[in-house]
Amino acid sequence: MDGGRRVLRSLTEQLGSPFAFAFARPQFAAAAVSRPAPRARAPRRSGLEKLRAAAIHPLATGALVFGFLGAAFAYSAVRGGAYENFIQTVGTPGDLLARAIGMGIDTVTISGISELKETEILAYAGVKARNSLPYLDAEGMRARLRSVPMISDAEVRKLYPSRLAITVVERQPYALWQKDGKISIVSADGMPIDTLHDERYARLPLIVGDGANERLDEYRKIIEAAGDLAGRIKAGALVSKRRWSLFTTDNVEVRLPELQPEAAVEKLARLQRDHRILDKDIIALDMRVPGRTEVQLSNEAASARLENLSRKTKGKV
């Protein structure tokens, strides 16, 4: 306190920070002395002070040179691919900062999958350890997931601070479709959704031939008509886009008629139940003509049958 009973405080103590100082400064204008102070002449600088001032210019020049060299180095790194390699390895500077403050991706929750694996979803989505939640492109990730034939829809949600939730809707595999030596996985409506690249889908029904996938509903009805015999049917081939032939696990071809193939299959089931026809030494059953079934024996069975008939003929002579 001075003689005029005024409290003396430093600017730093009263304002606290440069920002506070910037906004609080006008309040001191009213406290200024009303009588104008005499105009002070600027003191003349000594020779030493001039030398010190001149020394500032080389420092500023050095800073400019250093900044230029740094920019040139960064440009060279970008041109040479070093920066891109850095991004691919550890992420962008923003990712680094976000992970440092606890916003990396610590947990990924995946729901809606039955055929696909978690590792496949992560690979399709492009989730990497270098990612961070704030800088993650959720829409781009969703678009990548939806581009997968096996996935009909996807949702990607960021759950701060460090959790990612992925929900997918799978197209359900229904059958395998072989055409021109290539086997595709098709959904119930016949839409190809993937190529067969592992044994996970080997259990699915197999259809063969051009356009067979478009008549999958028709083939489904044929299999249903087979009843207990369905387990012995390993494939169905659409012949000339007109009719079906069935192939059993015993490699017997059953040629069905173009019209009412379900009725022919029901007859086949009765023949198997009553006469075990598929257990005999045959290679084909021709049921294309309604009311008639022709049996084609294997070469061995045909030779044995001819030999047996020959013996019977000789015995009668």
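Being more than 15 Å from the chain's Cα centre (by Cα), of a type outside the set (D, E) and modelled with pLDDT under 95 is a description that does not apply to I151.
Let's see how each residue does on (1) among the aromatic types (F, W, Y); (2) part of a loop (DSSP other than H, G, I, E, B); (3) within 24 Å of D279 (Cβ to Cβ); (4) assigned by TED's automatic domain parsing to the domain that holds L271:
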| residue | (1), (2), (3), (4) |
| --- | --- |
| N213 | no, no, no, yes |
| K221 | no, no, no, yes |
| A237 | no, no, yes, yes |
| F247 | yes, no, yes, yes |
| P257 | no, yes, yes, yes |
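Restricting A237, A226, A263, A302 to those that are at pLDDT below 95 and surrounded by 13 or more Cβ atoms within 10 Å (Cβ to Cβ) reduces the list to A302.
Results for (1) at pLDDT below 65; (2) more than 22 Å from the chain's Cα centre (by Cα), shown as yes or no for each residue.
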| residue | (1), (2) |
| --- | --- |
| T61 | yes, yes |
| G70 | yes, yes |
| G94 | no, yes |
| K117 | no, no |
| E120 | no, no |
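So that you can scan it fast, the table gives a plain yes or no per residue for (1) among the aromatic types (F, W, Y); (2) modelled with pLDDT under 95; (3) under 20 Å from Y124 (Cα atoms); (4) under 27 Å from the mean Cα position of the chain (by Cα):
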{"residue": "T167", "(1), (2), (3), (4)": "no, no, yes, yes"}
{"residue": "A175", "(1), (2), (3), (4)": "no, no, no, yes"}
{"residue": "I185", "(1), (2), (3), (4)": "no, yes, yes, yes"}
{"residue": "D189", "(1), (2), (3), (4)": "no, yes, no, yes"}
{"residue": "D194", "(1), (2), (3), (4)": "no, yes, yes, yes"}
{"residue": "H197", "(1), (2), (3), (4)": "no, yes, yes, yes"}
{"residue": "L206", "(1), (2), (3), (4)": "no, no, no, yes"}
{"residue": "K221", "(1), (2), (3), (4)": "no, no, no, no"}
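Considering A125, A138, the condition of being modelled with pLDDT of 85 or more, outside the structural domain of I193 (by TED's automatic domain parsing) and in contact with a Leu (Cβ under 7 Å, 6 or more places away or on another chain) is satisfied by A125 alone. Considering only residues in the stretch 265-296 that are in a helix (DSSP H, G or I) and under 13 Å from S245 (Cα atoms), the one that is farthest from the chain's Cα centre (by Cα) turns out to be L268. Applying the criterion of being part of a strand (DSSP E or B) and of a type in the set (D, E, K, R) to the residues of the stretch 168-183, the residue that is nearest to S152 (Cα to Cα) is E170.
The values are calculated or read from the model by the stated rules, or taken from the named source; none is laboratory data. Note that the structure is predicted; figures quoted are calculated from it, not measured. Reconstructed Cβ throughout: ideal geometry from the backbone, glycine too, with neighbour counts over all protein chains shown.
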